[in-house]
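Input: a single structure, listed below in structure tokens.
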Amino acid sequence: RMTTNYDSQSKLLYGEYGYKLNRVLFSVHNELGRYAKEKQYSEAVAKGLSKAGISYERECVIGDSGNIADFIIEGVIILELKAKPFLLQTDYQQVQRYLHICNMKLGILVNFRSAYLQPKRILRRDYL
């Protein structure tokens, strides 16, 4: 079964935030390029979110596990940043775990090391 990012009314889940967020992410990728450190991307994303008027929490402790999410956007989206040659299944599983613990529906996983930025929208499994 193919999963989509649409809710029952055929609207993109949190699309109003997603478009603004993508604008910030692409701007950061264009500004810093592919080979900066994850911390540099995180700083630039935080500045971009503030400039775009998007509310966020940064480096949030998730549950009792001690795990830390990079960003929680508008209280509804988990944003996880990576700067590595390629994403692994464990990166997707990490976002799924955060979504489940926080009882949120949508996570976005971004790897800034890619030549072409491709933010991955990840829906919580039991929300599907």
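The values are calculated or read from the model by the stated rules, or taken from the named source; none is laboratory data. Bear in mind that the values here come from a model prediction, so they are computed numbers and not experimental data. Backbone-built Cβ (ideal geometry, glycine too); neighbour counts: all protein chains shown. Note: accessible area is taken over every heavy atom of the protein model, side chains too, but ligands, DNA and RNA are not part of it. Shrake-Rupley method; radii C 1.70, N 1.55, O 1.52, S 1.80 Å.
So, of the residues in region 92-128 that are aliphatic (A, V, I, L, M) and open to solvent by 50 Å² or more (accessible area, probe 1.4 Å), which turns out to be farthest from residue 61 (Cα to Cα)?
Checking each candidate, the answer is 115.
Residue count for region 46-70 under the criterion of being more than 16 Å from residue 23 (Cα to Cα) and free of Cβ contacts under 8 Å to residues at least 40 places away in the same chain: the result is 13. None of 49, 87, 32, 79 is more than 19 Å from residue 107 (Cα to Cα) and surrounded by 15 or more Cβ atoms within 10 Å (Cβ to Cβ) except 32.
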